[in-house]
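Single-structure report; data block below.
The values are calculated or read from the model by the stated rules, or taken from the named source; none is laboratory data. Predicted model only: the values in this text are computed from it and were never measured. Cβ atoms come from the backbone with ideal geometry, glycine included; neighbour counts cover every protein chain shown. Calculation scope for accessible area: heavy atoms of the full protein, side chains included, ligands and nucleic acids excluded. Shrake-Rupley method; radii C 1.70, N 1.55, O 1.52, S 1.80 Å.
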Amino acid sequence: YFEKTRMNLISKDTQYRLFAENAADVIYYYQLNPDPKIEYISPAVLSTTGYTPEEYYADNRLILDLIHPDDQVLFHKFIDTLPNSVNFPLTLRLINRDKAVLWLESKCVPIYDEKQQLIAIQGIVRDISIRKKLEKMSSLFDRMNMVGSMAATVAHEIRNPLTTVRGYLQIMKRKKEYVEDKEKFNLM
């Protein structure tokens, strides 16, 4: 029985490890107490940020140094309000090794010890840069559509009085006294 249970545990452990190490999203486990550090980060972090998991293990401040300067306050607010802040995804920008700006979304769950003390968070980080570009393009298209609508409305408002003026000019063109003035001044 014990051998069978041990083999099942080894099998499950292997399955979870394969899942974590082959996922496209970054999976992490960040220890908060007693010393803040990354306990685990999946190999997908290399393709996302350009840094290997070993570099994150060696330098606990690396992730903090990569956060875009404009998003530092947002990140620190997220950390300061733990565990309540985990109810919502954290979206912020990161600067990768190539100095490109990435949009990332992190969803995490708090981990508590037996005394219900928050000791860690684990979660998933997804690169949403393409989604952000599409949102920006969509917003641009919406604005262009609005400008087109406004131009059509302005054109319509200008065309209405001009149609009236044109109608009166056609009426005047048929009247004898205006035809004589036209010939006199050599108009058209």
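3J(HN,Hα) along region 34-41, derived from phi through the Karplus expression 6.51 cos²θ - 1.76 cosθ + 1.60 where θ = phi - 60°, amounts to x, 10, x, 6, 7, 7, 8, 9 Hz, with x in place of Gly and Pro.
Residues 29, 57, 51, sorted by accessible area with the largest first, give 57, 29, 51 [1.4 Å probe; ligands and nucleic acids excluded]. Taking all Cα pairs closer than 8 Å and separated by 6 or more residues, the relative contact order of region 1-103 comes to 17 percent. Summing Cβ point charges (Lys, Arg +1; Asp, Glu -1) relative to the Cα centre of the chain gives a dipole of roughly 1400 debye. Considering only 109, 138, 53, the residue lying farthest towards the positive end of the dipole of region 1-139 is 138, judged by Cα position with unit charges set on Cβ. Rounded to the nearest 0.05, the FRET efficiency derived from the C-beta distance between residue 8 and residue 119 at R0 = 41 Å is 0.90. Under the classification rounded if a/c is under 1.5, otherwise prolate if a/b is larger than b/c and oblate if not, where does region 27-83 fall, given a ≥ b ≥ c as square roots of the Cα gyration tensor eigenvalues? Oblate is the answer for region 27-83, as a/c is 1.5 or above yet b/c matches or exceeds a/b. For region 104-148, GluC sites (Glu not before Pro) are listed when DSSP marks them as loop and at most 12 other Cβ atoms sit within 10 Å of their Cβ; the list is 114. Normalised by the number of residues in the chain, the mean separation of alpha-carbon contacts (under 8 Å, six or more apart) gives a relative contact order of 16 percent. Among 102, 92, 169, which one moves the most in a GNM of the chain with springs linking Cα atoms closer than 10 Å? Taking springs between Cα atoms under 10 Å, the residue moving most is 169. Adding -39500 (n - 2.57) for every DSSP H run of four residues or longer, then dividing by how many residues the chain holds, sets the calculated 222 nm ellipticity at -17500 deg cm²/dmol. Its Kirkwood hydrodynamic radius, worked out from the mean inverse distance over all distinct Cα pairs, puts region 1-136 at 16.3 Å.
Inter-part distance, region 6-23 to region 141-170, computed on C-alpha centroids, equals 67 Å.
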